[in-house]
Amino acid sequence: MPTDMPSTPVIEVAGVTKTFAGVRALSDVDFTLQRGEIHALVGENGAGKSTLIKVLTGIHTTDAGRVTRNGNISTIYQEVNLVPLMSVSANMFLGREPRNRFGLIDRARRDADAAELLRGYGITADVSSPLGTLAVGEQQMVALARAVDANADVVIMDEPTSSLEPREVETLLGVVRKLHEQGIAIIYVSHRMDELYRICDTVTVLRDGVNVHSGPLKELPRIELVSLMLGRSVKEIESHGTTAFGEDHHADAEPVLQATGLTSRPRIDGVSVTIRPGEVVGLAGLLGSGRTETAKAIIGALPVDGGTVLVAGNPVARTVKASTRAGISMLAEDRKTEGIIPNLSVRENIVLAALPRLSRFGVTSRSKQDRIVDAFIKRLRIKVSSPEQKVAELSGGNQQKVLLARWLCTEPKILLLDEPTRGIDVGAKAEVQALIDELAREGLAVLLISSELDELLDGADRLVVLRDGSVAGELEGDQLTREHVLKAIAAEVTDDSGDHAGSPQHSR
Amino acid sequence: MTQATTQAAPSTAVSAAAARTRWLQDNGVYVAVGVLLLFNAVFTANFLTVGNFTTQLVQAAPVLIVALGMALVIGTEGVDLSVGAVMALAAAIIPLYLGAGWLMAITMALVVGVLAGAFNGFLVAKVGIQPIVATLALLVGGRGLALVIANGQLVQLRDPTFLSLGTDDVFGIPISVLIAGVLALVIAAVTNRTTFGRQLVAIGGNRKAATLAGLPVTRVLIGVYAITGVLAAIAGVLATSRLAASDPADMGLLMELSAITAVVVGGTPLTGGKVRVLGTVFGVILMQLVRATLIKHNLPDSIAQMIQAAIIVAAVYVARERR
Amino acid sequence: MTATLTKTTPTMAARTKVLQRQGAAVALVLVVAVSWLVFPRFGSLDNLRDLALQGSFLAVIAIGMTFVIITGGIDLSVGSVYALGGVLAAWGAQYGFLVALLLPLVVCGLIGLINGLLIARTNMAPFIVTLASLLFARGLLLVITDEGATTYKIASDSAFVELGRGTVFGFGYPIFIAAALALVGGMLLNRTNFGQNVFATGGAEQSAVLLGVPVAKTKVLVYTMSGTLAGLAGALTAAYLQSGVTVIGVGLELDAIAVVVIGGTLLTGGMGTVLGTVIGVGLIKVIQNVINQIGTLDSNYQSVVSGVFLLIVVVLQRILRR
Amino acid sequence: ETPTTASSEGPAASAAQNQSAGPGCARSKTGYPQIDLKGAVVGFSQSEKEANPFRTAETQSIRDEAAKRGAELLYTNAQSDLNKQISDIKSLIDRGAKLLIVAPLNSDGLQPAFDAAKAKQVPVVTIDRKVSSQPCTDYLTFIGSDFVEQGKRAAQQMIKATGGNGKVAILLGASGNNVTVDRTKGFKDGIAGTPGLTVVAEQTGEFDRSKGQAVMEQLIQSNPDITAVYAENDEMGVGAVTALKAAGKQPGKDVKIVSVDGTRNAVQLIADGSYTAVVESNPRFGPLAFDTLEKFGKGDEIPNTIVISDDEYDSTNAAQKLANAY
Ligand SMILES: Nc1ncnc2c1ncn2[C@@H]1O[C@H](COP(=O)(O)OP(=O)(O)OP(=O)(O)O)[C@@H](O)[C@H]1O
Ligand SMILES: Nc1ncnc2c1ncn2[C@@H]1O[C@H](COP(=O)(O)OP(=O)(O)OP(=O)(O)O)[C@@H](O)[C@H]1O
Ligand SMILES: O[C@@H]1[C@H](O)[C@H](O)CO[C@H]1O
Ligand SMILES: [Mg+2]
Ligand SMILES: [Mg+2]
């Protein structure tokens, strides 16, 4: 039995090389996963992590090298990879549906089993409704429940926590520990250092498709790990803090954005947000509390039952076009379905929203485009072989940067950022955070939605906390601490009696 | 417990082959046209004559004009099944207004084309009906309407200026071919060099993202279908003048399938987000040459249809996108 | 507005859900009710029997098309394959019942299989592959009928003719065959792993691959099914017409697609029902029947009316779905 | 502009010979009830759209005759869809037609419709295209041309016009249609004894003017030595004329054209000198069809097949017979 021979690795990769249309994603990579270990796989955006995983699972063929698997692998891929139109329970049991005695799918049992399993992950959604109606984070938990439930020897998680907020992250880490206790090996990809150090035993660092380090994680100081990932010296990195946000911004001017009483039933109800030029307002809340919907309501992408939006005191029609013209831009949360235009080049994706401004009489100017695109690729350090590369070929983080560039080149007055650093590596994250800071300093009004509390606390001047689609409180100055936010977010902590129903926005 | 080991082939050979397939993918349709020309030059009597080439171009012109519009619609991830019916409508309109002069007749036909197209666009963009069904309604009803207008009958046309559209040429180039060529250039410029064109492709590539990016999605879609409608009407006018008769019963019959085939054979994917105008031109020429070759070699209908099927599959096979 | 209004009651939500899903059913009930009142002959048993029989051939094809469309594909070849199936059945009838039935199923199934293999294995667009086989099947039909010159007749006393002409309580066998197939189709779609694979393939192909769904196999199967069912419909038609008519089936693919979509199946894939398709067939056939009932309607106006009806149904459905 | 309007002027189809395999069909044999034409409801099922003058004239002739005899006519058009023709016929019966005239789309496939008529004891007269069902049992009788004969006569004209020498292109009718098959057979049989005439191309123009024109344009280029065209209907022949003119040839002179039907357009072209000859296919079935129904009602025996006599147009008579064309 292989189980009594702990020396037999469950996955072994030797000298694997993988090339995509000229891009070398993996270059002579060796990688070993021991039975029962939690192995962190880290690296900058585009370092080749997801590619390595797809090689391990056999989705990608290799150009050279050898892959040996000694067990069943179950994978949660980076982008939520389930079927949005199918029900939650159908997704969970796809391929292993419970049958009745006629060999037909037992739907009642499938629903019941799914509901019960999901309860263990803190999800209480209707399992017979289409998966797509769930928030991204909830979908991620469904994917997790599905993958973990399979009878696997290895569970691979590619950035499982990127769309989760603190409470869900804890749940997930609990699951990981449980799996570990059962002797299941885990490959864990994340850009969040805290998580890695809390749960991982070993680490493999990829840089530009090369394995630059494999070894125990605990002995590796954080700063050294980051230095390995970035290929920069420890000293260089030490000069930065945990996040790259600077000091608070002055924000005493008149509000540039006044959104009042935004209501879109049943998701948000009477949400009001005000932002001044140069101010970063954070939007905090649990998964599904209505943050995304609030942002969408502001930009006019969500049909609303009520509420007004004023930009610099003038009302704006509730359409994306009108909002864009008035100077509002939004970086969408789900970059795959709402962000990139996969077939188009990086250049075209960047200039998309600003196209009319870069054209004369409807005829586009290539030279103007090139100038802007080059500038943004440099400024945001987007990793591309050329601006003409298809955006679909970029790594997740680089796609995110392309989208940021798209919005920045419209020169907006108000920028709504829904999870702007999701799936972005440490280096890029710092760059994006610094950028937000810089933009605010230049007078831009920013609405920042993030599931990472640190990011919100450091980055925002003021926090609006949502709960169940309504504003549960606003925090400023001294109140901007972990404890305060958690209290406001989690109703059961602060709720002495019916505070929920009594929140100001409900009594319009 | 499963054990699996995969070993890969050396990478240099792979990438050379990859480059070759990539090249074929982009240029397959041109190669196919070349091969067919070569075949005909060797095996078909009287093929290499000016008259023959003129004939092929004249016959291809209306199809090309329709296919140009179809390429745009397909670029938005749509499709327009009503183009043949719109051609029939244009044909039915002409004799009604020819009394008021050829210019009036043509103008009215084009107006009907724009309206029909805008109607399709409205259904797709505003009402949110899937393009294939939205335009199916006009495919069914449009030809019926044309027949109602014409009282179901073919009308012989005698206006010399109007008929000269189908018979005259400029510096040896037939007028219809000239018009088709100019339109191809215009459409190429529109797709590649204008905001409208780039927006169109973006909408086809990811409509949700395009909407969130503040693109005028509705306006672009209605515009694209309207353009397709007017192009179909132009094709209807030219085909009518060449036939010297208004024949709404048969005008443009199955044109939607010919146009879609040409567009796809020319390398524009039906999944949207990409428009290849030159490819479309060659797609039309390829299908025209196939038909001509089969007729010239006097193959029976049965064999001709089967060979056409094989050539379509072969052409699309080399040009297909790899996974 | 008060906060209480924000919560829709569960029954109301359920009701709108039913309306959304069954927009076509609502339209069908409406059209039938109106026709029954307005046209005295509409409700006659004879007319209803004929209506059901006419619908059954289309239904058999449309059931296959439903599966294809749910995978995000399309099958344009069904019209030609249907005609080919009829000719093969009529030719085969001289060798007995079994040959008459199986020959078209096998040959048409094979054409479907080739469609499926080309689509699944080479990443070619279903529209184009099946357009090519539309031509191919028509060509093959012409080959075996001497360019359409030969029509194979089926002896009116053969058992095979009974399959198309036989009745129970005046209702033709094809009606029961179509009903049985619809039942099996519905089961297959909703209660088997294959059905789930069909939904997953059309709903998100890339994801389905990552989820371990045998996407290629699923596609091959649905096209094979579609071809086989079109062949079966052709065979039934041949039995009904007592000959292998060569001039039928032109444009039938559009009818089949229309009824599937009218039935609420998403043309982009991932969603749909067999019941909806059956309702779609009902709607189209009732409308055609009504047009015939009007009688005085100029035949040119008939297609105008058909087009307008089609439009009303899809717009209605779209509005209900909002 | 001149729309080709329906004209019911010109001679009605008249029986050339009564071909009866075996005894004729009498009402006594069928047990059908007697029906008086006057005031009777008569159904007419047309097969194709009326873009073709042949169809227009055919329908008009039936309409005129029904009016003349005081019958009420119900009319349907199957738009080239066989299943629709079956439904059409059933609905005609349903709407109370006691007598039926059917112009079948195709030789085969109308059995269910005939059975429905039989069940309701409605006699069916088929016209124009012959069906393969049983006369007297499934339908009463067939009235129409002998298409093989038409092909043969076209061949005679062709031999006469070309002097028995030349290269002929055939524009075939729609595939899968007995009219096409018979007219091809007749023509080929007709030129069999004339070695100087060779068929160099046979391509379908689907009975359609624009397709005829398109095919002809191709053939002129690949076979510039074509000297004659046999078109299986006038519409394709007229299309061929347009193609030949555009290619700088003189139809009727450089290239002889013979076709079948007798439409006004084609006969006018003969008169103008740019067409060779037309073998008529007379669509004016009205009087003969109603006569037959009347006789049947009276109890007379009806022959199984009534072949009509078709006229012929060439340069010698086209001008004066123009009024007969439709
Ligand atoms: N299908 C593809 N076609 C072309 N290039 C690709 C493809 N998939 C990945 N690449 C390239 O391979 C490299 C590695 O990408 P990969 O997705 O593995 O990065 P990653 O380490 O997972 O990054 P991230 O942290 O952003 O998810 C990138 O340069 C990317 O552009
Ligand atoms: N398309 C939809 N249809 C139905 N319900 C939806 C839809 N999209 C979101 N919801 C629901 O609306 C609620 C609010 O979702 P929203 O995406 O705004 O949450 P969020 O706070 O942004 O969470 P996240 O952390 O995922 O960004 C959730 O309960 C979600 O399930
Ligand atoms: O005989 C007729 C005519 O020739 C017509 O042109 C087509 O249909 C046939 O039945
Ligand atoms: Mg990745
Ligand atoms: Mg969100």
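The values are calculated or read from the model by the stated rules, or taken from the named source; none is laboratory data. Keep in mind that what you see is a predicted model, and the values were worked out from it rather than measured. So basically every Cβ, Gly included, is an ideal-geometry build from the backbone, and we count neighbours across all protein chains shown. These area figures cover heavy atoms from the full protein model, side chains too; ligands, DNA and RNA do not enter into them. Shrake-Rupley method; radii C 1.70, N 1.55, O 1.52, S 1.80 Å.
Charge tally for A:Gly397 (other residues, Cβ to Cβ under 11 Å; Lys, Arg +1; Asp, Glu -1): +3.
Which order do the peptides A:189-197, D:283-291 come out in when sorted by mean C-beta neighbours inside 10 angstrom, highest first? Before the final figure, lay out each step's value.
On the way: A:189-197: 18.8, D:283-291: 24.3.
Final packing ranking: D:283-291, A:189-197.
When you restrict to C-alpha pairs under 8 Å that are six or more residues apart and normalise by the size of segment C:48-250, the relative contact order lands at 46 percent.
Distance from the C-alpha centroid of segment D:214-241 to that of segment A:137-170: 71 Å, rounded to the whole angstrom. Under 14 Å of direct C-alpha separation, and excluding same-chain neighbours fewer than eight residues apart, C:Lys217 reaches these aspartates and glutamates: C:Glu205. Between segment A:338-361 and segment D:97-127, the C-alpha centres lie 64 angstrom from each other. Within chain C, the selection of entire DSSP H helices by a Cα span of 18 Å or greater along the long axis and an average Kyte-Doolittle value of at least 1.0 returns C:23-38, C:45-70, C:78-92, C:97-122, C:126-144, C:173-191, C:215-241, C:274-294, C:299-321. The long axis of helix B:175-193 is offset from the longest Cα principal axis of chain B by roughly 50 degrees. Under a model in which nothing but the beta-carbon of Lys, Arg (+1) and Asp, Glu (-1) is charged, chain B shows a dipole of about 960 debye around its Cα centre.
Just counting partner chain Cβ atoms within 10 Å, what average do the residues of peptide A:362-369 show around their Cβ?
Details: counts 6, 7, 7, 1, 2, 0, 0, 1.
If you average over the peptide's residues, the count of other-chain Cβ atoms is 3.
Is the shape of the protein assembly as shown rounded, prolate or oblate, going by the alpha carbon gyration tensor and its root eigenvalues a ≥ b ≥ c, with a/c under 1.5 for rounded and a/b larger than b/c for prolate? The shape class here is prolate. For D:Lys321, a cut-off of 12 angstrom between C-alpha atoms picks up these aspartates and glutamates, skipping any fewer than 8 places away in its own chain: D:Glu9, D:Glu280, D:Asp311, D:Glu312.
Across chain D, Cα pairs under 8 Å and at least six residues apart give a relative contact order of 24 percent.
Think of chain C as having a plus end and a minus end, set by charges on the Cβ of Lys, Arg, Asp and Glu; of C:Leu51, C:Leu316, C:Gly244, C:Leu316 sits farthest toward the positive end of this dipole.
Taking A:Lys49 as the anchor, which aspartates and glutamates have their alpha carbon closer than 16 Å to its alpha carbon, excluding any fewer than eight residues away along the same chain? Partners found: A:Glu12, A:Asp28, A:Asp30, A:Glu79, A:Asp158, A:Glu159, A:Asp208, A:Glu393, A:Asp425.
The value of relative contact order for chain A, using C-alpha pairs under 8 Å at least six residues apart, is 16 percent.
In loop segments of segment A:338-397 as defined by DSSP, the GluC sites (Glu not before Pro) with at most 12 further C-beta atoms inside 10 Å of their C-beta are A:Glu388.
Largest accessible area first, the listed residues C:Phe39, C:Phe176 line up as C:Phe176, C:Phe39 when surface is computed with a 1.4 Å probe on the assembled protein chains. To the nearest ten degrees, helix A:366-379 and the longest principal axis of the Cα atoms of chain A are 70 degrees apart. Take each residue in B:213-223, count the other chain C-beta atoms within 10 Å of its C-beta, and the mean is 5. Ordering C:161-170, C:279-288 by mean Cβ neighbour count within 10 Å, with the highest value first, yields C:279-288, C:161-170.
What you get for chain A, charging only the Cβ of Lys and Arg (+1) and of Asp and Glu (-1), is a dipole of about 1940 debye around the Cα centre.
Centre-to-centre separation between the Cα atoms of segment B:152-175 and those of segment B:26-41: 31 Å.
Calculate the mean, over all residues of peptide B:189-196, of how many other protein chain Cβ atoms lie within 10 angstrom of the residue's Cβ. Spell out each step's value before the answer.
Details: counts 1, 2, 0, 2, 6, 6, 10, 5.
Average neighbour count from other chains, rounded to a whole number: 4.
With a threshold of 29 Å on the Cα-Cα distance, the over-threshold entries among B:Lys126/D:Lys84; A:Lys429/B:Lys126; A:Lys54/A:Lys487; C:Lys153/D:Lys256; A:Lys296/B:Lys126; D:Lys84/D:Lys130 are B:Lys126/D:Lys84; A:Lys429/B:Lys126; A:Lys54/A:Lys487; C:Lys153/D:Lys256.
Placing +1 at every Lys and Arg Cβ and -1 at every Asp and Glu Cβ, with all other atoms neutral, what dipole size does the protein assembly as shown have around its Cα centre, in debye to the nearest 20? Kindly include the intermediate steps, with their values, before the conclusion.
On the way: 126 positive and 131 negative charges, 242 e Å.
Taking the Cα centre of the protein assembly as shown as origin, the dipole is about 1160 debye.
In this structure C:Trp91 has an accessible area near 100 Å², from a 1.4 Å probe over the protein heavy atoms. Per residue, the protein assembly as shown exposes 37 Å² of solvent-accessible protein surface, assessed with a 1.4 angstrom probe and all protein chains in place. Calculated on the Cα set of segment B:222-288, radius of gyration then Dmax: 13.2, 39 Å. Antiparallel beta bridges, as assigned by DSSP with both residues in chain A, represent about 55 percent of the total such bridges.
Local charge for D:Asp108 was computed over the other residues whose Cβ lies under 11 Å away, with Lys and Arg +1 and Asp and Glu -1, and equals +3.
Axis of helix B:301-319 versus longest Cα principal axis of chain B: the two differ by about 50°, to the nearest ten degrees. Of the solvent-accessible surface of chain A, computed with a 1.4 Å probe and all protein chains present, 50% belongs to carbon and sulfur.
Sorting check: for A:97-105, D:134-142, B:61-69, which peptide has the highest mean count of neighbouring beta carbons within 10 Å, and how do the rest follow? Intermediate results must be reported in sequence, preceding the final value.
Values: A:97-105: 13.9, D:134-142: 20.0, B:61-69: 29.6.
Taking the mean over residues of other Cβ atoms within 10 Å, the ranking is B:61-69, D:134-142, A:97-105.
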